[in-house]
């Protein structure tokens, strides 16, 4: 069981361990980004290295999130690595097994998605003071949504008629978003460079995705089938009754 501290100062650099496929379009290497994040960088680097299976990194996005759970501060990291044919996604978080924090376990998951199966890459931007916008103005916040499996997220809430005095039940209303992973990068929380790195990664992902227009079987047009058959006849008779 690993008890290594998540602070970057306690870890020697491992930049030379993964140099064979660590170069990307960004100025900062993948190992450097992991070291800067400081969340078990050697462990995360080894997991990503294994998931890449020898592929070269074209671009990467390292996103560290911090959550406050009562008196406990919890962090987890998501690493996206783009290769010529795959999007490799690694997620790592940790958990304390005792109150003293001496027993810690890391939970790791990886997923490799062929870029040809990516259905959409949605980018949402937030600018401050849009009335005074200049081309040099930085993006204040950016959300990257990637969908590949057909999974959908449903956000629902009580519907209303707009009358603040109305107490009638109007049912529910909601929105459906097609997404498998969503990352929110904020200049205030993550820094302006993190937002810029996310934009670079998104451009690279779109470029590779559009260069691999392989049709997705479950979204393509089905082959024509004869109209006659057991099930079609039964349905026809059912409507006639």
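Listed by position, the strands (runs of 3 or more DSSP E) contained in the range 31-138 that have at least 3 residues being under 18 Å from the mean Cα position of the chain (by Cα) and free of Cβ contacts under 8 Å to residues at least 40 places away in the same chain are 59-69, 86-96, 104-114. The criterion of at least 1 residues that are surrounded by fewer than 10 Cβ atoms within 10 Å (Cβ to Cβ), modelled with pLDDT under 60 and out of contact with any strand residue (DSSP E or B) (no Cβ under 9 Å at 6 or more places or on another chain) is met, among helices (runs of 4 or more DSSP H) falling completely within the range 172-241, by 230-240. Inclusion of residue 25 among residues that are touching a strand residue (DSSP E or B) at 6+ places or on another chain (Cβ under 7 Å), modelled with pLDDT under 90 and under 26 Å from residue 196 (Cα atoms) is warranted.
Here residue 105 meets each of (1) at pLDDT 85 or above; (2) buried (at least 20 other Cβ atoms within 10 Å of the Cβ) with one exception, condition (2). Within the range 88-97, identify whether any single residue is under 22 Å from residue 193 (Cα atoms), crowded, with 19+ Cβ neighbours inside 10 Å and at pLDDT below 95, and answer yes or no. The answer is no; no qualifying residue exists. Taking (1) at pLDDT below 80; (2) under 24 Å from the mean Cα position of the chain (by Cα) in turn, residue 1 satisfies each apart from (2).
The values are calculated or read from the model by the stated rules, or taken from the named source; none is laboratory data. Please read all numbers here as calculations on a predicted model, not as lab measurements. Note that we place each Cβ from the backbone using ideal geometry, even for glycine, and neighbour counts take in every protein chain shown.
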